[in-house]
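S.K.: First the structure, then my questions, so here it is.
The values are calculated or read from the model by the stated rules, or taken from the named source; none is laboratory data. What you are looking at is a predicted structure, and each value in this text was computed from that prediction instead of being measured. Cβ sites come from the backbone with ideal geometry, for glycine too, and all protein chains shown count toward neighbours.
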Amino acid sequence: MQISKDEVRHVARLARLALEDEALDDMAAQIGTILAYMETLNRIDTTAVQPTAHAVSAPITPVREDVTGEHLPRDQALSNAPAEDGESFVVPRVID
Amino acid sequence: MPLYELTIEAAADLLQRGEISSEDLTRAVLARIAALDDRVGAYLTVDREGALEQARRADELRAAGQATALTGIPLGIKDVICTRGLRTTCASRLLDNFIPPYDATVMQRLRQAGAVVLGKTNMDEFAMGSSTENSGFGPTANPWDLSRIPGGSSGGSAAAVAANMCLGSLGSDTGGSIRQPASHCGIVGLKPTYGRVSRYGLVAFASSLDQIGPLGKSVMDCALLMNVICGHDPRDSTSVSEPVPDFTRLRADGLQGLKIGLPVEYFEAQGLDADVRQAVAGAVATVEALGAETVEISLPHTQYGVAAYYIIAPSEASSNLARYDGVRFGVRREDDGDLLDMFRRTRSAGFGAEVKRRIILGTYALSAGYYDAYYGKASQVRTLIIEDFRKAFAQCDVLLSPVAPTPAFAIGEKTADPLTMYLSDVFTLCANLAGIPGISIPCGFSSAGLPIGLQIMGRHFDEARLLAVAHHFEQATDFHKRKPEL
């Protein structure tokens with residue numbers, strides 16, 4: 001399966017990654033090889049097969065009571081922030 | 001015997017009898033790390049002062065009669081598990097400065113038991129890899145041959161246990177990341193059933209596959225760690241309420257009457273190394289001599305496991321790793337640009353090549369027009385793989401197989417070819433797709449003297465049986481007694 005440089009650029013953009021032009025070539029080649037291998041799955045007829053998202057599920061995973069529990073104090077939640085003002089995370093301007 | 005060579009079981013006994021203190025034991029292991037880790041590179045962070053303080057507190061607890069089996073036992077923790085106040089990087093440059101404000105549930109449990117945390121062990125960045133070469137801070141070497149990889153992604157944990165730089169360790173296993181490094185380093189590693197151990201505070205890679213588990217010098221040591229880390233946690237909605245047995249009560253009745261399945265697809269796989277084949281054949285003979293009955297069974301969708309896994313895991317990863325945007329934590333990169341520009345700079349500078357590859361692969365597989373063909377299809381094949389195991393366990397109690405197709409390969413050997421690296425996970429990742437438990441134990445050595453592991457897989461929540469079978473095998477063999485010369 002071939003994947004073009006433009007497709008990789010588009011997907012990288014969706015994933016909020018910026019790749020140099022050279023890295024795009026390598027990435028397209030590698031992703032192409034991997035996707036070609038994924039084609040092996042098309043040998044299996046899965047028409048009537050239900051998909052599985054989780055191998056172990058309800059009813060043995062109990063649901064907790066809907067009550068307020070402990071949470072991180074604000075100063076701790078902000079303790080790793082690259083930029084903060086004591087109340088909020090600070091980011092570059094979004095709206096002019 | 002130097003104290004750092006002790007198993008958890010032996011050290012706990014000496015501590016209990018008052019013959020050693022945790023402070024002595026912890027000092028001995030810290031000295032071992034100081035002497036060796038320049039060459040092995042198992043640790044990303046060593047918390048010398050913190051460990052000694054915890055050791056002294058453990059000794060006080062013991063003096064007050066409040067000790068448990070793990071009180072005062074020095075452990076290494078994979079750097080993907082959040083440790084309050086102790087840097088946790090996931091081996092990513094992006095999290096170079098991250099100090100978790102909270103403990104993972106497994107850490108709360110270990111601390112309650114009085115265990116001592118020595119530091120944080122190296123890994124593939126965000127647990128994505130099979131060799132620990134994807135660490136943003138440099139690779140870890142295999143203690144048996146420093147030119148080889150220790151396996152991955154929990155390579156630092158496995159190398160630290162094998163080189164006596166901790167008594168035991170916690171790792172995480174998404175596609176084999178505990179079992180494969182345990183195999184390559186000649187130690188024991190257990191991936192529990194999905195849901196058995198809380199993932200709260202485990203930095204997420206692929207949430208439907210990730211599971212924390214122990215790495216140890218013996219089966220009993222892994223059982224001792226399991227007794228502490230397992231159990232329901234309201235903070236992880238996928239953690240289950242199944243009763244947790246005492247895993248150290250390893251059944252004494254041998255392997256009589258046990259039915260062991262040998263999955264033909266695992267033994268006939270292309271690229272299975274001759275030494276590995278021979279070691280596993282020897283293990284089959286051993287379990288038969290111990291009274292088990294073996295039966296050939298088929299897991300017909302095994303050959304599709306790698307393809308299904310490498311769609312599902314990167315898809316989940318591409319979503320999980322969206323949080324690394326430089327807003328709430330991590331190393332932010334910005335110029336004069338806007339918010340989107342800051343996101344892109346932060347992520348592009350912080351993530352390594354393999355992480356970017358998987359994010360792009362996963363984003364592609366989930367993107368409009370491709371979702372059904374990739375993620376949808378892989379999720380259906382996952383159902384077929386689960387069905388394979390369900391049918392197999394109607395015919396046998398456990399499955400026995402190789403862990404990895406080859407012994408540890410050379411550092412640099414597979415880094416240029418991601419797909420070849422992925423294919424080395426062929427025997428381990430189906431257990432993650434099915435959520436079943438699997439253990440790796442030493443079962444031989446290659447002609448070059450490298451350790452080879454044996455995998456035992458079982459039904460959901462049947463870890464006690466896996467540990468019992470592994471224990472009997474261990475007691476009947478000497479492979480676990482051989483140690484690397486460093």
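S.K.: Mind checking whether some residue in region A:49-62 is touching a residue at least 12 places away in the same chain (Cβ under 8 Å), within 22 Å of residue B:318 (Cβ to Cβ) and either among the small types (Gly, Ala, Ser) or within 9 Å of another protein chain (Cβ to nearest Cβ) (or both)?
M.R.: no
S.K.: Which residue is farthest from the other protein chains (Cβ to nearest Cβ), if the candidates are limited to region B:381-393 and must be surrounded by fewer than 21 Cβ atoms within 10 Å (Cβ to Cβ) and basic (Lys, Arg)?
M.R.: B:391
S.K.: Then there's this: Taking region B:206-241 as the search range and keeping residues that are small (Gly, Ala, Ser) and surrounded by fewer than 20 Cβ atoms within 10 Å (Cβ to Cβ), which one is farthest from residue B:439 (Cα to Cα)?
M.R.: B:237
S.K.: Output the number of residues of region B:93-131 satisfying the condition of being within 25 Å of residue B:40 (Cα to Cα) and charged (D, E, K, R).
M.R.: The number of residues fulfilling the criteria is 5.
S.K.: Filter region B:381-429 down to the residues that are part of a loop (DSSP other than H, G, I, E, B) and hydroxyl-bearing (Ser, Thr, Tyr), then identify the one that is farthest from the chain's Cα centre (by Cα).
M.R.: Here the residue is B:415.
S.K.: Separate question: Condition test on residue A:68, is it more than 7 Å from chain B (Cβ to nearest Cβ) and either free of Cβ contacts under 8 Å to residues at least 24 places away in the same chain or touching a Cys at 6+ places or on another chain (Cβ under 6 Å) (or both)?
M.R.: Here the answer is yes, as residue A:68 does meet what is asked.
S.K.: Which residues, taken from region B:252-276, are outside any loop (DSSP other than H, G, I, E, B), more than 25 Å from residue B:391 (Cα to Cα) and out of contact with any strand residue (DSSP E or B) (no Cβ under 6 Å at 6 or more places or on another chain)?
M.R.: B:274, B:275
S.K.: Tell me, please, whether a residue that is hydroxyl-bearing (Ser, Thr, Tyr) and farther than 26 Å from residue B:330 by Cα can be found in region A:78-86.
M.R.: no
S.K.: Can you find a residue that is surrounded by fewer than 19 Cβ atoms within 10 Å (Cβ to Cβ), more than 28 Å from residue A:54 (Cα to Cα) and free of Cβ contacts under 8 Å to residues at least 24 places away in the same chain anywhere in region B:417-426?
M.R.: Scanning region B:417-426, I find at least one residue that is surrounded by fewer than 19 Cβ atoms within 10 Å (Cβ to Cβ), more than 28 Å from residue A:54 (Cα to Cα) and free of Cβ contacts under 8 Å to residues at least 24 places away in the same chain, so the answer is yes.
S.K.: With the structure loaded, tell me whether residue B:436 is closer than 22 Å to residue B:171 by Cβ, away from chain A (no Cβ under 14 Å) and either in contact (Cβ under 8 Å) with a residue 40 or more places away in the chain or outside any loop (DSSP other than H, G, I, E, B) (or both) or whether it fails that test.
M.R.: Judged against the criteria, residue B:436 is not a match.
S.K.: For residues in region B:1-25 being over 23 Å from the mean Cα position of the chain (by Cα) and of a type in the set (S, T, N, Q), which is nearest to residue B:115 (Cα to Cα)?
M.R.: B:22
S.K.: A further question follows. What number of residues within region B:195-241 are part of a loop (DSSP other than H, G, I, E, B), under 22 Å from residue B:459 (Cβ atoms) and away from chain A (no Cβ under 14 Å)?
M.R.: Number satisfying all stated conditions: 0.
S.K.: Would you be able to tell me the number of residues in region A:13-37 that are at the interface with chain B (Cβ under 8 Å from one of its Cβ atoms) and part of a loop (DSSP other than H, G, I, E, B)?
M.R.: 5
S.K.: OK, next. Can you pull out the residues in region B:463-481 that are out of contact with any His (no Cβ under 7 Å at 6 or more places or on another chain), crowded, with 20+ Cβ neighbours inside 10 Å and either assigned to a loop (DSSP other than H, G, I, E, B) or of a type in the set (Asp, Glu) (or both)?
M.R.: Within region B:463-481, B:463 is the sole residue that qualifies.
S.K.: Separate question: Residue B:299 versus (1) within 11 Å of chain A (Cβ to nearest Cβ); (2) assigned to a loop (DSSP other than H, G, I, E, B); (3) at pLDDT 95 or above: which is the lone unmet condition?
M.R.: For residue B:299, the exception is condition (1).
S.K.: Kindly indicate which of A:40, A:46 is facing chain B (nearest Cβ under 7 Å), under 18 Å from residue B:313 (Cα atoms), free of Cβ contacts under 8 Å to residues at least 24 places away in the same chain and not basic (Lys, Arg).
M.R.: Unique residue meeting the criteria: A:40.
S.K.: In region A:74-96, which residue that is surrounded by fewer than 16 Cβ atoms within 10 Å (Cβ to Cβ) and β-branched (Val, Ile, Thr) is nearest to the other protein chains (Cβ to nearest Cβ)?
M.R.: Ranking the qualifying residues of region A:74-96, first place goes to A:94.
S.K.: To continue, here is another question. Kindly check whether there is at least one residue in region B:303-311 that is of a type in the set (S, T, N, Q) and closer than 20 Å to residue B:125 by Cβ.
M.R.: The answer is no, given that none of the residues of region B:303-311 is of a type in the set (S, T, N, Q) and closer than 20 Å to residue B:125 by Cβ.
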